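Derivation of every value follows stated rules applied to the coordinates shown; laboratory data play no part. Every value quoted in this text rests on a predicted model; they were computed, and no experiment measured them. Note that we place each Cβ from the backbone using ideal geometry, even for glycine, and neighbour counts take in every protein chain shown.
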Amino acid sequence: MKSVSLPMGWEARDFKLMGVDGKEYSLADFKEKKGLLIVFSCNHCPFAKKQWPELVKLDKELGAEVGIIVINSNDPDMYPEDGLEGMKELVEKYGIKFPYVVDETQEIAKTYQAQCTPDSFLFKNESGVFKLHYHGKDLKKGMEGLVKGEPVLEKQKRSMGCSIKWK
């Protein structure tokens, strides 16, 4: 399944989601960063599994300037390994330092029109307002461009992966 194209400049919608670390996260937690990468992902999907090491690497390389948060919106009743315990195991396995949060109601995934796992949205912080800068698969190129102040990439490879498991 492929992601839906949102217009560049689309404003990120705020959220309050609980992380596997027991803390609640929102856009305000990233206000000091040049940008924010929001990824809708999970534990079980092969596409998502492949991306986890890349996200950890990107966090090490660019995390000081671009925040990362991963949102799991999948129905854990349908896929138990996408539940909280599985999420905690994944964080430990990869030594993840960025927030991995649960979208229990699936409202945030719907608000962002997320379709698949992983579905990645890179936002540029413009005076405290996060505006869509890149939406797709080439995260490193998008993040590096944002940090360097380059314009939005004209060609963006849409995300693709397993469909979000809706309730």
Added length on full extension, which subtracts the Cα-Cα distance from 0.36 nm per residue, residue 77 to residue 113: 10.8 nm
Relative contact order, percent, the range 17-163 [alpha-carbon distance under 8 Å, six or more residues apart]: 30
Separation in nanometres of the label points that stand 7 Å from Cα toward Cβ, at residue 106 and residue 1: 0.9
Pairs from 97/137; 137/167; 31/155; 88/141 whose Cα-Cα separation, in the structure shown, is over 24 Å: 137/167; 31/155; 88/141
Likely footprinting exposure, 44, 135, fewest C-beta neighbours within 10 Å first: 44, 135
Order of 75, 103 under a 10 Å beta carbon neighbour criterion, fewest first: 75, 103
The chain - Debye-derived log10 I(q)/I(0), Cα point model, q = 0.19 Å⁻¹: -1.27
Net lengthening on full extension, residue 84/residue 28 (0.36 nm per residue, minus Cα-Cα): 17.8 nm
Listed residue pairs exceeding 24 Å between alpha carbons, taken from 110/148; 57/110; 16/124; 23/60: 110/148; 57/110
For 4, 70, order by how many other beta-carbon atoms lie within 10 Å, fewest first: 4, 70
Gyration tensor verdict on the range 59-116 (Cα atoms; rounded if a/c is under 1.5, prolate if a/b is larger than b/c, oblate otherwise): oblate
Inter-label distance for residue 97 and residue 57, nm, one decimal - labels placed 7 Å from Cα along Cα-to-Cβ: 1.7
Label-point separation in nm, residue 141 to residue 64, each point 7 Å along Cα→Cβ: 2.6
Gaussian network model of the chain, Cα within-10 Å springs - most flexible of 78, 143, 87: 78
Cut-off under 5 Å, modelled amide H: who pairs with residue 134 long-range: 122
